[in-house]
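Asks: Sharing a structure, written as structure tokens. Questions coming.
The values are calculated or read from the model by the stated rules, or taken from the named source; none is laboratory data. The structure presented is a predicted model; accordingly, all values stated were derived computationally and were not measured. Cβ sites come from the backbone with ideal geometry, for glycine too, and all protein chains shown count toward neighbours. Just the protein is used for accessible areas: all its heavy atoms, side chains included, with ligands, DNA and RNA removed. Shrake-Rupley method; radii C 1.70, N 1.55, O 1.52, S 1.80 Å.
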Amino acid sequence: MKATHIREPTEGTERGVEWSAQLIENVQFIYELALAELELEAFGVDFKLTNSLRGFVLRNIPNVDTLVRRLAYFKTIGHRTTDYYRLTRYNQTRSVNQYLTHWIYPYKGKFHPQMIRALLNILKLEANETVLDPFIGSGTSAVEAQLLNINCIGIDVSPLCILQSRVKTESIYVVDEIKRLREEAIASFKSSNHADTLVSKENVAKDYNGFLNSINDERVRNFYLMAKLVAVSDRARRGRDIVHSFIKNLELMISSVDDYERAVRELNLQLGKVDMREGDARHLFLEDESVEGIMTSPPYSIALDYVANDAHAFEAMGYDLDKIRDEFVGVRGMGGNRIKLYNEDIAKSFHEMHRVLKKGRCCAIVVGNATYQKHEVKTIEFTIEQCKKLGFTLMNNINKIIYGLYNVMQTDNTLIFRKER
Ligand SMILES: C[S@@+](CC[C@H](N)C(=O)[O-])C[C@H]1O[C@@H](n2cnc3c(N)ncnc32)[C@H](O)[C@@H]1O
């Protein structure tokens, strides 16, 4: 429906069948307003944008409860505060996007979680349906799907990404055991790193690797491996003292998992199932027509070397960087060959996405054009062309332009396709 401007309704009132709805304060960009409108359309609501451009009047709402529980860009519907707004209050960081466990590990190139929640709505995914993210990265789609009771299959070639995605979504189920082992973890980390200065030998049973190996539950072991890698990363990137960083981040990680557990209880949420696995987006292990939606962002071409970026963590996990590099889309080959290989690789992954998606359902792909050796690599146009050939119809092409530090412009497009055949 086309938005027309009308007077602001009295804030927070329900006038007959009309409801007022207010955007959350952090909504600042045109693409966010576009996504907010698409969310309302997805739930079959008629709406008008008010003159403030921050409020809507809603009509013919099939189910107000659904809007309160699911919308991503709205703070209030009538007098009711949305679940999303309440969820963002459970935040151990100063960044509004890094609520609950999203912040764990400083991964470059994360999705904006609020946008993912909106897209899951726009893809019309219902509770207990399954969304696939074949380039799961730091697990943003997994956390957001889990919060909406949508099942999520996440795949990534990087073991570090799978570890992050699991820790962010699975620690909530073992929070008591995580807390029970806290002191032992700190003592063994100190012993491994400052053995002679900080801890006397008799106080410490094992070093940190011994401690990790002694944990039976994989989810608890993953949590403590992640805590170590967060500290390794802090030292590599910012030169921080590793023991100090470990203790500080461990406290924050535990508080975030606690927050998650509390949010689920206080908002009475049902959580979706998560299945995070190492794999290759070019050869998915899934059956044809087996998922109800796809939400993903392939590697941004050649722009970011994901392998070099996390080299310290891969090494700490005991991986051979050259071997890992072979399977990474976007970092194979040099010069013109790199672009050719990149295009071949993402085309294969689009083919796989088309194969596993159910007919009539939708797929959202976030991509940007990158510059490589002074040439613009037109990934957006390439994606549209390839997906159309496969039998997808382009439903929306939403352009996101953000001016960052020093007015550097960053453009991403969110492409929403429907599988017609
Ligand atoms: C743009 S990032 C995804 C970021 C993610 N949306 C997030 O919020 O963190 C692209 C991801 O693709 C992964 N990747 C690269 N080659 C892959 C392949 N062949 N199969 C699966 N994943 C791959 C990289 O490890 C990286 O995590």
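Asks: With each run of n ≥ 4 DSSP H residues scored as -39500 (n - 2.57), what mean residue ellipticity at 222 nm is computed for the chain after dividing by its residue count and rounding to the nearest 500 deg cm²/dmol? Don't skip to the answer; put the middle values down first.
Replies: Numbers: 17 runs with 180 residues, N = 421.
My calculation for the chain gives -13000 deg cm²/dmol from helical runs alone.
Asks: Can you give me the angle between helix 30-42 and the longest principal axis of the chain, using Cα atoms only, in degrees from 0 to 90, rounded to the nearest 10?
Replies: 70
Asks: Please report, in debye to the nearest 20, how large the charge dipole of the chain is about its Cα centre when each Lys and Arg carries +1 at its beta carbon and each Asp and Glu carries -1 there. The partial results should precede the final answer.
Replies: On the way: 56 positive and 56 negative charges, 152 e Å.
Approximately 740 debye in magnitude.
Asks: So, taking all protein chains as they sit and a 1.4 Å probe, how much accessible area belongs to Phe382, in Å² rounded to tens?
Replies: 40
Asks: Let me ask something else. Hey, which aspartates and glutamates would be in cross-link range of Lys48, C-alpha to C-alpha under 14 Å, not counting anything within fewer than 8 residues on its own chain?
Replies: Glu8, Glu18, Glu37, Glu39
Asks: Additional query: Can you spot the lysines whose alpha carbon is less than 22 Å from Lys359's alpha carbon? Ignore those fewer than 8 places along the same chain.
Replies: The reachable lysines, counting only those whose Cα sits under 22 Å from Lys359, are Lys124, Lys348, Lys388, Lys389, Lys419.
Asks: Among the listed pairs Lys248/Lys323; Lys323/Lys378; Lys273/Lys340; Lys248/Lys378, which are separated by more than 31 Å between their Cα atoms?
Replies: Numbers: Lys248/Lys323 33 Å; Lys323/Lys378 28 Å; Lys273/Lys340 37 Å; Lys248/Lys378 43 Å.
Check vs 31 Å cut-off fails for Lys248/Lys323; Lys273/Lys340; Lys248/Lys378.
Asks: Please compute the length gained on full extension between Thr371 and Lys273, using 0.36 nm multiplied by the number of residues separating them and subtracting their Cα-Cα distance.
Replies: Values: separation 98, 0.36 × 98 = 35.28 nm, distance 3.79 nm.
Value of the extension gain: 31.5 nm.
Asks: Given R₀ = 35 Å, FRET efficiency for Asp322-Val96 by Cβ-Cβ distance, to 0.05?
Replies: For R0 = 35 Å, the calculated efficiency reads 0.35.
Asks: With a Förster radius of 35 Å, plug the Cβ-Cβ distance of Arg262 and Lys388 into 1/(1 + (r/R0)^6) and report the FRET value to the nearest 0.05. Don't skip to the end; give the middle numbers.
Replies: Numbers: r = 46 Å, r/R0 = 1.31.
Approximately 0.15, to the nearest 0.05.
Asks: For Lys206, go through the aspartates and glutamates and keep the ones whose alpha-carbon is under 20 Å away, minus same-chain ones fewer than eight residues off.
Replies: Of all the aspartates and glutamates, those that pass the test against Lys206 - Cα under 20 Å, at least 8 places apart if same chain - are Glu177, Glu183, Glu184, Asp196, Asp217, Glu218.
Asks: If one takes the longest principal axis of the Cα atoms in the chain, at what angle in degrees, from 0 to 90 and to the nearest 10, does the Cα axis of helix 379-390 lie?
Replies: In the chain, helix 379-390 runs at an angle near 70 degrees to the longest axis.
Asks: How far apart, in nm, are the 7 Å Cα→Cβ label points at Asp46 and Glu218?
Replies: 5.2
Asks: Helix 335-356 sits at what angle to the longest principal axis of the chain, using alpha carbons and giving 0 to 90 degrees rounded to 10?
Replies: Helix 335-356 sits roughly 70 degrees off the main axis of the chain.
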